[in-house]
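What follows is a set of notes on a single structure, which appears directly below.
The values are calculated or read from the model by the stated rules, or taken from the named source; none is laboratory data. All values reported here derive from a predicted model rather than from experimental measurement. Counting neighbours? That spans all protein chains shown, and the Cβs are built from the backbone with ideal geometry, glycine included. Keep in mind that these areas ignore ligands, DNA and RNA; they rest on the heavy atoms of the full protein, side chains included. Shrake-Rupley method; radii C 1.70, N 1.55, O 1.52, S 1.80 Å.
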Amino acid sequence: MAISKNQDEVEQNARTSYFNLPPLDASVAFPQATPVSTFPPSVSDYYQFSDLLTAEDQALGMRVRQFMEKEVAPIMTEYWEKAKFPFHVIPKLGALGIVGGTIKGYGCPGLSITASAVAIAEVARVDASCSTFILVHSSLAMLTIAICGSEEQKLKYLPSLAQYSTVACWALTEPDYGSDASGLKTTATKVEGGWILEGEKRWIGNSTFADLLVVFARNTTTNQINGFIVKNDSPGLTVTKIENKIGLRIVQNGDIVMKRVFVPNEDRLAGVKSFQDTNKVLAVSRVMVAWQPIGIAMGVYDMCHRYLKERKQFGAPLAAFQINQQKLVHMLGNVQAMVLVGWRICKLYEKGTMTPGQASLAKAWISLKARETASIGRELLGGNGILADFLVAKALCDLEPIYTYEGTYDINSLITGREITGLASFKPAMLSKQSRM
């Protein structure tokens, strides 16, 4: 069938005059309930978890909450829909005093892991993408430099990163190596004065605009994993944005290609001598990531609590119906349990007794319960449950990548399973050297 080149133009001309009008604002189109641009009050702390926090930690959480509700909530839906990043917010995030988290000195706040986790939860309560942006920069890239870097590297890079004068990303994952990250193929070859990096990375948050890239590569001499600080203007380095994501759309994930990228000796992270050294960073990061779904679930509950009291059907608020109350209480119970597991894993870390299996179980279980909570919230909001204007649909989508990154639910379960049984089960039986027969 022959199609005229101007067929789309003809069809558009034939449409009604109002076809291209901008959409109504959600508050105008649906005046019976308040959209998320005016964020709902925090009502999820049913068991008064805040009593477990110090006065300083409570003040920090309140400061972050007020900032997120005032500065981010009114704009996040638009940026999420367009998959764009609100760069004007970065200096304001830097002024909150949470970037650098648990790192002491070098302009970093030196927070307890509990305080840092509470702050991240308050960010994620309003917008999960902002919390991921902070965690990639702070709990991965900055922490790697703090733990594995030299004193000169810490003095050179951490102060500006702590103020968000510069932005960093953390490049471990590759196209062929996600859960099996230790098998990465990117190579680092020693040459005079430095190293040559060759390879590809994928799903790297912040990478499209990061000033610094913390990159992991396989030393061609030792066959061990080493770490490097790569400048964004290094010849041979290209980064392109990954499009068409359904979750964390504000986060700018990128594909990185390195073709003979030279890294001077002073930018090798000497403390990264093998893949095991990345676990020092991931131990903290996995705890922090567990608090993201806690914050998201808090926001979903807060939104549903307000919505059910505002929205009316059959002559009564939705909150007056028994089945809706049951669902709301189910969500509230989930949030209480998630918070208490998150709090306990922080205390185990602070005592120095947290195991990898405990961190993995916390991340896996909390993210699972957050998905359930958001799913119930989506049911409660009916048709508005598929609109980002009322938070829940956006939260449901944002939880999907969080459920997957920092170890999928299954991989984290296997880490805990290995710890409690003493038996590793990461490879299929067919790849095992010993027969099961």
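Numbers below:
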read-out: Residue satisfying condition, being at pLDDT 95 or above and open to solvent by 50 Å² or more (accessible area, probe 1.4 Å), within set Pro74, Pro35, Pro86, Pro40; value: Pro74
read-out: Flag if Ser17 is modelled with pLDDT under 95, part of a helix (DSSP H, G or I) and of a type in the set (Gly, Ala, Ser); value: no
read-out: Condition met for Ile147 (open to solvent by 30 Å² or more (accessible area, probe 1.4 Å) and either closer than 21 Å to Asp233 by Cβ or touching a helix residue (DSSP H, G or I) at 6+ places or on another chain (Cβ under 6 Å) (or both)); value: yes
read-out: Some residue of the range 49-68 being part of a loop (DSSP other than H, G, I, E, B), of a type outside the set (Val, Ile, Thr), open to solvent by less than 20 Å² (accessible area, probe 1.4 Å) and within 21 Å of Ala393 (Cβ to Cβ); value: no
read-out: Candidate set: the range 235-275, residues that are under 16 Å from Phe216 (Cβ atoms) and small (Gly, Ala, Ser); chosen: the one least open to solvent (accessible area, probe 1.4 Å); value: Gly254
read-out: Odd one out for Thr102 among (1) open to solvent by 50 Å² or more (accessible area, probe 1.4 Å); (2) over 30 Å from Ile386 (Cβ atoms); (3) in contact with a helix residue (DSSP H, G or I) (Cβ under 6 Å, 6 or more places away or on another chain); value: (1)
read-out: Residue check, Met331 open to solvent by less than 10 Å² (accessible area, probe 1.4 Å), touching a Pro at 6+ places or on another chain (Cβ under 9 Å) and part of a helix (DSSP H, G or I); value: no
read-out: Strands (runs of 3 or more DSSP E) within the range 158-225 that include 2 or more residues under 17 Å from Val136 (Cα atoms); value: 168-171, 194-205, 212-219
read-out: Filter result (touching a residue at least 60 places away in the same chain (Cβ under 8 Å) and β-branched (Val, Ile, Thr)) within the range 308-330; value: none
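Here is a yes/no grid of residues against (1) in contact with a strand residue (DSSP E or B) (Cβ under 6 Å, 6 or more places away or on another chain); (2) open to solvent by 60 Å² or more (accessible area, probe 1.4 Å); (3) at pLDDT below 95:
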residue	(1), (2), (3)
Thr353	no, yes, no
Trp365	no, yes, no
Ala374	no, no, no
Leu380	no, no, no
Phe390	no, no, no
Asp398	no, no, no
Pro401	no, no, no
Phe426	no, yes, yes
Lys433	no, yes, yes
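So that you can scan it fast, the table gives a plain yes or no per residue for (1) closer than 30 Å to Ala33 by Cα; (2) under 25 Å from the mean Cα position of the chain (by Cα):
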| residue | (1), (2) |
| --- | --- |
| Leu380 | yes, no |
| Gly385 | yes, yes |
| Leu391 | yes, yes |
| Thr408 | no, yes |
| Ser413 | no, yes |
| Gly417 | no, yes |
| Gly422 | no, no |
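A quick yes/no check of all residues on (1) among the charged types (D, E, K, R); (2) under 23 Å from Tyr46 (Cβ atoms):
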position	(1), (2)
Met303	no, yes
Glu310	yes, yes
Ala319	no, yes
Asn324	no, yes
Arg344	yes, yes
Ala364	no, no
Ser367	no, yes
Asp410	yes, no
Thr416	no, no
